[in-house]
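Below is one structure, written out as structure tokens; comments come after it.
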Amino acid sequence: MSAAQRAEHDEATYDVIVIGGGGAGLRAAIEATAQGAKTAIVCKSLFGKAHTVMAEGGMAAALRNVWPEDGWDVHFRDTMRGGKLLNNWRMAQIHAQESPDRVLELEEWGAMFDRTPEGLILQRDFGGHRYARLAHVGDRTGLELIRTLQYRAVELGIDVLMECNVQRLLLDDGHVAGAFGYWRQTGRFILLRAKAIVLATGGAGRSWRVTTNSWESTGDGLRLALEAGADLMDMEFVQFHPTGMVWPLSVRGLLVTEGVRGDGGTLKNKNGERFMFNYIPEFFKAETADSEAEADRWYQDKKNNRRTPDLLPRDEVARAINSEVKAGRGTPHGGVWLDIASRRSADYIKRRLPSMYVQFKELADVDITKEAFEIGPTCHYFMGGIRVEADSAATTVRGLFAAGECAAGLHGANRLGGNSLSDLVVFGRRAGLHAAQFAAAQRAPGAVDPSDLDAAAARMLAPLERQDGEDPYAIQSDLQDTMQDLVGLIRTQSELDEALVRVRSYRDRLSRVSARGDAKYNPAWNLSLDLDSMLTVSEVCTRAASMRTESRGGHTRDDFPTADPEWAKVNVVVRRKDGELSLQTEPLPQMPADLKEIATGEGKATAAAAPQTT
Amino acid sequence: MTETTEQVRRDATVRVFRGEDRTSGQFVEYTVPVDPGMVVLDVMFRVQQMRAPDLAVRWNCKAGKCGSCSAEINGRPKLMCMTRLSSLPPAEPITVAPMATFPLVRDLVTDVSFNYEKAKTIPAVRLAPPGPDGKRRMFQEEVDRVQEFHKCIECFLCQNVCHVIRDHEENKEAYAGPRFFVKLAALEMHPLDTRDRIEMIRAREGLGYCNITKCCTEVCPESIKITDNAIIPLKERVVSEFYDPLAWVKRRIFGGPDDGAKEPAAVADR
Amino acid sequence: MATTALPAQRRVLRRDLWWLEPLFIVVGLGLFVVYAFVTGVQTSGYHYAPYLSPFASPCISANCETYSFGRALLPAWFPPAFFVVWIPVAFRATCYFLRRSYYRAFFWSPPACAVPDARSGYTGETAFPFILQNVHRYAWYLAALLWVVDLYDALLAFHFPAGFGIGLGSVLMILDVVFLGLYVFSCHSCRYLCGGYLDRFHGKPVWHRMWSAVSRINTRHGVFFWLSLLFVVLTDLYIRLLVAGVITDPRIVFG
């Protein structure tokens, strides 16, 4: 195909384009529009189908409706400790302070959270949160969030480009000028010119075999940012959710909400022991119950009892499950038991966890109100991502912003459950706000270099033009096995080295990939292009993991099993230099003394400061 | 765990609709190996991996939460990710067709933009101001009813099965469809919403076209009682406003139909 | 929003016995209509003291075998059921459950889900005659009144010449009135009138309880439709068989 034919494409111009139609992207677009910017949302799927719908348990915000003792400082402390103090302190502070307002704003736009007897928003217990803090709607909070934001975007008349896949960011003299991609339904190219771009593309869990992530989570935003010259950070920290389904194979990895434990469920090994009591780390000893009696009392009386170890942060629980299974105390299909049936009434379970009930009933023939069920760790969330400035969500590339799972910093080495939905709206809003302000200061979108379009089009068309090349499905399958086996929950140097060799060989195979058929809604072609992102993310993650020679949060090294205080001071930062990836450590931003006191203060709850907004 | 209840099935034969338009397209038969516990969507993946890499299938979460993989399996509208092979007759091939009501894009993928256009016609929620502490008070007993409607995953199976537009193309202009009656019911029954959409529900959204044959309720993967809990209560509200002189008299004497008159909403002021 | 014609989809891809339900409705309703017609034109045989067939209630014409309110209110040429028969007919004909059933079974719009409509034009309930379905609420008011009369008749069925007693006829009549009540009070219009019209339930516990109760039985509205229909027929048939002397009524009278 000639350059002239490639130049044939749709074209549109906006002040701000938001790439990604999940919670963060929607919130960013809503804010940018509210600021007066002409805004478009570009999403790979249909509108309202993004991965946010899968979020179940709730969104964390110190609303103090259930526990007046709560406050932003307690939330901040929990977030920092959950992230093993590797978090960007400023992001954690902003997040804790602003999330209550963001929750109330959702209610204003039509969200209907479960209620307290006083008519306020009910909050539920979750791992790592000192108080019941998660605003929720049964076990389908993500659906409520995305639907609310979706219809708010409709109300504001925001343009939505559905089933549109961005493949390249375009720069003009180092700042953002637009994006180039294709429509999935027709295969036709599209050029979007913009003064500012917000990346809200979510995570990259699709590179693992056992994952809660949908096909969309290929890490496109991470690749786009890296190629545009932005930094990635903390890419070694991948959260394995402790409770995914393990059987049947067809649904292996499917998320089982932490709400099951938040509402009273406990983990047991094949001997019926509540093994989590054997895995309480020193760091959390002071605030965790050491007897079953105290743990059970805690659900009702949080003042005089300590939290059940079933609700330790996710990294701790996932590792504990892994150890139990390795020690031969696992269930028939290689998981452990999660039991809520013997602890709560059937009515309660069906009311609090309706979709879990249906999910197990329909997909696994298991009635969770009658029996315990098998669960095991599953790849869930990327703590790492695009490095952003805390207040503005700006990346190191001018005009490029990032929010949500694709951004790094808030969660440090491990994310607490419930902090991601609040992350989406808090930093989605900030990204939209600052992108709109940035756009307002520009006179026109930057110039687009036609040779960039040609290069991008040639790269995209190559799999269609090639005959009898590599099969994209086979590459994806091999990649998933490699990442699952070698860069999983527990890592070691030799395996990481092997993984890197293999990932590079897949890169080689990808250069010979061919997709049968034409460009019109062709999943083989779409996958061939997505594989570029998946391989980039896999390589970055593997290399960052072999660089960090310690165990911390979502990164566990068999060969370096303990945390190293030196590594507590630095992030691993990745950037592209002259076409090559370069990784280095950079010191964490310095936390002010007062916040340090809150974050590291021993066990006791600090007096609740009134939630304040900056 | 009861995997033994599973029909032991080593392979599955599917007849999948293939093509870019409904006249020239046809059903193509594929046989692929299957494992216990598989759903129809798993079989589509196998077909893509082993037989037809370019088979167009729209899907996302594969967990019944996003509502992307709607199709007609053995003639019944269903989500492919929630339809287990063990629920289908093992002896015969499984027919998988795209949704009939929407224009075909390719294979099993249809253009569902009809629904997104309809969504734009619905006036958004507008709540009464919050209390002095900045918080709103709603109670579980009044929220319950609306939360059922909020379970909707927008799979559009109800829109697809509704004969008003499935069999009568000309009605698409004047009829919003079950999904949006659910949405409108959620807004109308919102305890704090201040807008009245009854006139537009009757006139513009075409509630009267529905003849409550309940197919929407039958196909809803979220088990929302669309007809009984959303459409019929809306029909009753329309009756009060337009077809019931007693209600009219009552309104004239005692004021609004509910607790406080609502402000009529028009399409224009979304 | 242009769509192409759907030749492939005009074919019915369903493999299950989708025609079974419409067939059941046609047969069930057909049998009922035939029976109702036959029994409705009879001018006698509907009263066997103390039982009065629900088909003949309220009995107020001068040639009645008994009088519901103690005396005749209408001239003799009125057949007993004729005066009120339009009330249950109107109520049932506009009933949301029956509408679903006959739109499917008789009008084939559609005969079953994902099976094509029989006819090409369709205006639903936006135009005459089906726009008249909106009178369902009025039919309900009257049907609820009629049910009170039926209840009165059913209570009288325990009042034997020798005093209080229970016969098989009393049991049938009370079952009939119970199912009829469940049918009438599980009506969708009733559900609306009993609090369904409210947006806020908070501070209105009585309304909420009433609405919740109706909502609970409303989910079985269709079942009560058929059960009440069945028991009207059974009760009528039973009384006619007693009158004809084919059977005798087992009863215990306490005197």
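Being of a type in the set (A, V, I, L, M, F, W, C) and surrounded by fewer than 22 Cβ atoms within 10 Å (Cβ to Cβ) is the filter; apply it to segment C:173-183 and report the residue that is nearest to C:Leu142 (Cα to Cα).
The extreme case among them is C:Leu182.
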Filter segment C:101-120 for residues that are assigned to a helix (DSSP H, G or I) and either farther than 22 Å from C:Val223 by Cα or not aliphatic (A, V, I, L, M) (or both) and give the result.
C:Ser101, C:Tyr102, C:Tyr103, C:Arg104
Of the residues C:Ile239, C:Ile217, which single one is in a helix (DSSP H, G or I), crowded, with 17+ Cβ neighbours inside 10 Å and within 14 Å of chain B (Cβ to nearest Cβ)?
C:Ile217
A:Ala96, sole failed condition from (1) within 24 Å of A:Gln359 (Cβ to Cβ); (2) more than 13 Å from every other protein chain (Cβ to nearest Cβ)
(1)
Taking only segment A:34-66 into account, find how many residues are of a type in the set (Val, Ile, Thr), at pLDDT 95 or above and surrounded by fewer than 24 Cβ atoms within 10 Å (Cβ to Cβ).
0
A:Leu170 - would you say it is modelled with pLDDT of 95 or more, over 25 Å from the mean Cα position of the chain (by Cα) and within 11 Å of chain B (Cβ to nearest Cβ)?
no
Among the residues of segment A:498-515, is there at least one that is in a loop (DSSP other than H, G, I, E, B), outside the structural domain of A:Leu85 (by TED's automatic domain parsing) and not small (Gly, Ala, Ser)?
yes
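Conditions tested, residue by residue: (1) in contact (Cβ under 8 Å) with a residue 40 or more places away in the chain; (2) part of a helix (DSSP H, G or I); (3) in contact with a Cys (Cβ under 7 Å, 6 or more places away or on another chain).
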{"position": "A:Glu316", "(1), (2), (3)": "no, yes, no"}
{"position": "A:Asn322", "(1), (2), (3)": "yes, yes, no"}
{"position": "A:Pro332", "(1), (2), (3)": "yes, no, no"}
{"position": "A:Trp337", "(1), (2), (3)": "yes, no, no"}
{"position": "A:Thr369", "(1), (2), (3)": "no, no, no"}
In segment A:244-259, what residues are in contact (Cβ under 8 Å) with a residue 12 or more places away in the chain and either touching a strand residue (DSSP E or B) at 6+ places or on another chain (Cβ under 6 Å) or within 10 Å of chain B (Cβ to nearest Cβ) (or both)?
A:Gly244, A:Met245, A:Val246, A:Trp247, A:Pro248, A:Ser250, A:Val251, A:Arg252, A:Gly253, A:Leu254, A:Leu255, A:Val256
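Just checking: which of the helices (runs of 4 or more DSSP H) contained wholly in segment A:1-101 hold 2 or more residues that are touching a helix residue (DSSP H, G or I) at 6+ places or on another chain (Cβ under 6 Å) and closer than 30 Å to A:Glu566 by Cα?
In segment A:1-101, A:72-82 are the helices (runs of 4 or more DSSP H) which contain 2 or more residues that are touching a helix residue (DSSP H, G or I) at 6+ places or on another chain (Cβ under 6 Å) and closer than 30 Å to A:Glu566 by Cα.
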Among (1) surrounded by fewer than 24 Cβ atoms within 10 Å (Cβ to Cβ); (2) farther than 24 Å from A:Leu134 by Cα - the single one A:Leu400 does not satisfy:
(1)
Name every residue in segment A:125-163 that is away from every other protein chain (no Cβ under 11 Å), among the charged types (D, E, K, R) and crowded, with 24+ Cβ neighbours inside 10 Å, in order of residue number.
A:Asp125, A:Arg133
Any residue that is closer than 24 Å to A:Ala318 by Cα, in contact with a Phe, Trp or Tyr (Cβ under 6 Å, 6 or more places away or on another chain), polar (S, T, N, Q) and surrounded by fewer than 24 Cβ atoms within 10 Å (Cβ to Cβ) - is there at least one of those in segment A:483-495?
yes
Please pick out the residue among A:Arg516, A:Arg507, A:Arg443 that is in contact (Cβ under 8 Å) with a residue 24 or more places away in the chain and on the phi < 0 side of the Ramachandran plot.
A:Arg507
The residue that is farthest from the other protein chains (Cβ to nearest Cβ), considering only those in segment B:6-37 that are part of a strand (DSSP E or B) and free of Cβ contacts under 8 Å to residues at least 40 places away in the same chain, is B:Thr31
Could you list all residues from segment A:139-179 that are acidic (Asp, Glu) and part of a strand (DSSP E or B)?
A:Asp159, A:Asp172
Given the structure, is A:Thr257 under 24 Å from A:Thr212 (Cα atoms) and surrounded by 21 or more Cβ atoms within 10 Å (Cβ to Cβ)?
yes
Does any residue of segment C:112-123 turn out to be under 20 Å from C:Tyr46 (Cβ atoms), out of contact with any strand residue (DSSP E or B) (no Cβ under 7 Å at 6 or more places or on another chain) and not acidic (Asp, Glu)?
no
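Which of the helices (runs of 4 or more DSSP H) contained wholly in segment A:180-285 include at least 1 residues that are in the same structural domain as A:Pro332 (by TED's automatic domain parsing) and of a type outside the set (Asp, Glu)?
Details: elements: A:220-228, A:259-262, A:282-285.
Result: A:259-262, A:282-285.
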Take segment B:162-189 and flag every residue that is within 27 Å of C:Arg191 (Cα to Cα), of a type in the set (A, V, I, L, M) and either surrounded by fewer than 20 Cβ atoms within 10 Å (Cβ to Cβ) or out of contact with any Leu (no Cβ under 8 Å at 6 or more places or on another chain) (or both).
B:Val164, B:Val182, B:Ala186, B:Leu187, B:Met189
Kindly provide the set of residues from segment A:360-384 that are within 30 Å of A:His555 (Cβ to Cβ), within 14 Å of chain B (Cβ to nearest Cβ) and in contact with a Lys or Arg (Cβ under 9 Å, 6 or more places away or on another chain), ordered by number.
A:Gly376, A:Thr378, A:His380
Within segment A:354-363, is even one residue farther than 25 Å from B:Glu148 by Cβ and hydrophobic (A, V, I, L, M, F, W, C)?
no
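The values are calculated or read from the model by the stated rules, or taken from the named source; none is laboratory data. Please read these numbers as outputs of a predicted model, since none were measured by experiment. For neighbour counting, all protein chains shown are included, and Cβ atoms are generated from backbone atoms with ideal geometry for every residue, glycine included.
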